[in-house]
Every structure is written in structure tokens, then in C-alpha cells.
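Working notes, structure below.
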Amino acid sequence: MDKKTTIYIGAMIPDLERMKMIRGKLPKNVREDFTSHYGNIMDLLRINGQVGAIFAFTQFYDPPLRCFTFQDFQLAPTLEEFEQVLGFSKIKEGPYTEIGRVIEVEDLSKAWGIPLEGLRLHYKEEVKVRGIKREYLESKALSLADKGEWEPCRDIFALLIFGVILFPNVMSFIDSDAVGIFWSVKVLGKDPTHALLANIYYVLHVQHGRGEGVLQCCIPLLYSWLLSHLGKQRYMIKNLTKEEWLQKSKALTIESIVWCPNRLEIKEVIFNCGDFPNVPLIETQAFINYNPTLALRQLGYPWENAPSDGQLQQLILHDMG
């Protein structure tokens, strides 16, 4: 790769030690209860995304096509793949669409059964930062776990995952956007997978356009998805340098990719939204679309049998229209 085309993008990898302590305090039945409410998001704590890997793979992101373009193949993150990893689609109804909704601290206090005074004391509202101090929420969750008050502990822990891992913004705060999505999932029963995919595409698109920056999106999910197509175990992989990851990425060919790593059993594939040929996605701050036709092979369709434009409609088992 020509040095002139190098995109200098890093990844924001948060310190998760205290959150892992919270997870370690949860009994088996509480973890199962957590999963029944919030899907598999706790598993993301086990994935240590490597900055070098993210740097290497972002060099191959193709903004116009919304995919990663390598030597002789393309990969595109899809709703179907993310849904299988996260598990929200099995327990929630309909995508998150509450963009811009602000949840008041009084509602959180009432929902969690914790004193309003303490919560309000650790709530910050400025021009660029609006949210709850992460340190306070971690301490509160640990305290509730020690007291065996599992329901509020479960929900605060979920909010921490939403704010620190799924929709990060300012590492020391759980911002109002993350609080709003958490509330939409907890109270309204909405599926945040669409917003997560939108956030990853949008951040990749914007930072790639700038030619530099730091990715503020769900790095463990993106990293896990990329590694799954390399045939690597998602929770543990040898640490490589940035240069080693770049060389590995350059050497990838169509023969070295695992096309359907999660053994997807797809009954419905979203290809369009009404008459709109791609899939529009909404995240906390913007809209973006992606083209799932590029990912047919990932979704179980052999490349040689990929549908023509005329045949595509026969494969549309579900749309968002």
C-alpha cells in the first residue's frame, strides 16, 4: 500500500477492569437474567480489540461501497451477522428509532430505586458533555452487587456496557445518547443492533474521509466480526504489531476467508427499504446506508450463484418498508 494513501485511524480501547469486577460478582442466575433482558452484550467484555488490527483493516475500508475491499473480495458488516452475535432480535421488537431522546435523571432514579440526590450530583451537563459519571455508576453497581440488590445492579451494569463499549463518546461519562438507547431497550423493548451497525459505518465513513482520527464505536464488535472471517477465535488471539497486522491484511485473498463463520441460519434477509435499493440505518447522530448485496456470500449464498438484479427480488424475504 502506498504510504500516501495511508489512513491514520486509531481505536478507542477503554479500561474495563472495574466492569469485569462487576461481572465477576454476578451469580449464574443473575447473568442468565441479564442475557434475557440485554442479549449477549456481556460477552463483549471478553474481547480485547487490538489497535494494530483496527488500523490495518481500516486501510481497506471503501467509503463509496460501505465495505472492506481487499485484493479480490469484499466484506461488509451486516445486520444478520450482528444480530446473531448480540442476540437482541430474539428478545426485542423493532429497531431503536428514538434518536435525540433525553432521559431525565428522575426517571433513572425511580427505575433503579436509588437516591435521586446522589445520581443528580454525578450528572454533568455542559456544551459538549451531558451524562453520568462512569466512576459513580461503577461504584454503585459494585455496591449493589455486594448487597445482593441484583435488579438495579443488572440495569446499571447494562448501562455501563451501552455507554463504555457499545456507544462510547467520552470515556469518563455515560453520555445522554447511550442513556437514551439503554432506556429504549429496557423500557420500550427496542433492538439497538441497527443503531450499532449505523454507528460503526458512520464513524468509519467520517474518519476515513478525514484521513485520520480515532474510532469511537463498538471496537470489540467490529474486531470480533473481522476476526471471525479470518477463522480466528474471537476472545483470544496473539498480539501483533501494527505492521504485522497490515502485512496480514494485504495478504488476504478470497481463498483465505471464512465466508459464513457463524453458520448463519437466515430465514429473513433485509435487502431494501421499500423502493430504496439499500438499507438505511439510523444512529444517535446521523443516518447512513449500506449495501447488503455485496455480502451475499457472507450470508450463505455461493458467489457463483449470486442473484442478478432481476433475481434479487425473489430473494427478498423481508424488507423494512
Within the range 32-51, residues being over 20 Å from the mean Cα position of the chain (by Cα) and open to solvent by 60 Å² or more (accessible area, probe 1.4 Å) number 1
Note on the range 4-52: residues in a helix (DSSP H, G or I), under 23 Å from GLU83 (Cβ atoms) and small (Gly, Ala, Ser) are SER36
For GLN216, the lone unmet condition from (1) under 12 Å from the mean Cα position of the chain (by Cα); (2) open to solvent by 20 Å² or more (accessible area, probe 1.4 Å); (3) at pLDDT 90 or above is (3)
If you go through LYS20, LYS25, the only one that is open to solvent by 60 Å² or more (accessible area, probe 1.4 Å) and touching a helix residue (DSSP H, G or I) at 6+ places or on another chain (Cβ under 7 Å) is LYS25
Flagged in the range 108-145 as part of a loop (DSSP other than H, G, I, E, B), closer than 16 Å to GLY163 by Cα and of a type in the set (A, V, I, L, M), in numbering order, are VAL129
Being without any contact (Cβ under 8 Å) to a residue 12 or more places away in the chain, under 29 Å from ASN29 (Cβ atoms) and open to solvent by 10 Å² or more (accessible area, probe 1.4 Å) narrows LYS110, LYS140, LYS92 down to just LYS110
Residues of the range 122-173 being in contact with a Phe, Trp or Tyr (Cβ under 8 Å, 6 or more places away or on another chain) and over 24 Å from ILE219 (Cα atoms), in sequence order, are HIS122, LYS124, LEU144, PRO152
- Message: Tell me whether the range 120-133 contains one or more residues that are within 25 Å of GLN298 (Cα to Cα) and open to solvent by 10 Å² or more (accessible area, probe 1.4 Å).
- Response: no
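Residue-wise test of (1) surrounded by 23 or more Cβ atoms within 10 Å (Cβ to Cβ); (2) among the hydroxyl-bearing types (Ser, Thr, Tyr); (3) without any contact (Cβ under 8 Å) to a residue 12 or more places away in the chain; (4) touching a Gly at 6+ places or on another chain (Cβ under 9 Å).
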{"residue": "LEU144", "(1), (2), (3), (4)": "yes, no, no, no"}
{"residue": "PRO152", "(1), (2), (3), (4)": "no, no, no, yes"}
{"residue": "MET171", "(1), (2), (3), (4)": "no, no, no, no"}
{"residue": "PHE182", "(1), (2), (3), (4)": "yes, no, no, yes"}
{"residue": "LYS186", "(1), (2), (3), (4)": "no, no, no, no"}
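The values are calculated or read from the model by the stated rules, or taken from the named source; none is laboratory data. All values derive from a computational prediction rather than experimental measurement. Counting neighbours? That spans all protein chains shown, and the Cβs are built from the backbone with ideal geometry, glycine included. Surface accessibility is based on the protein's heavy atoms, side chains included, excluding ligands, DNA and RNA. Shrake-Rupley method; radii C 1.70, N 1.55, O 1.52, S 1.80 Å.
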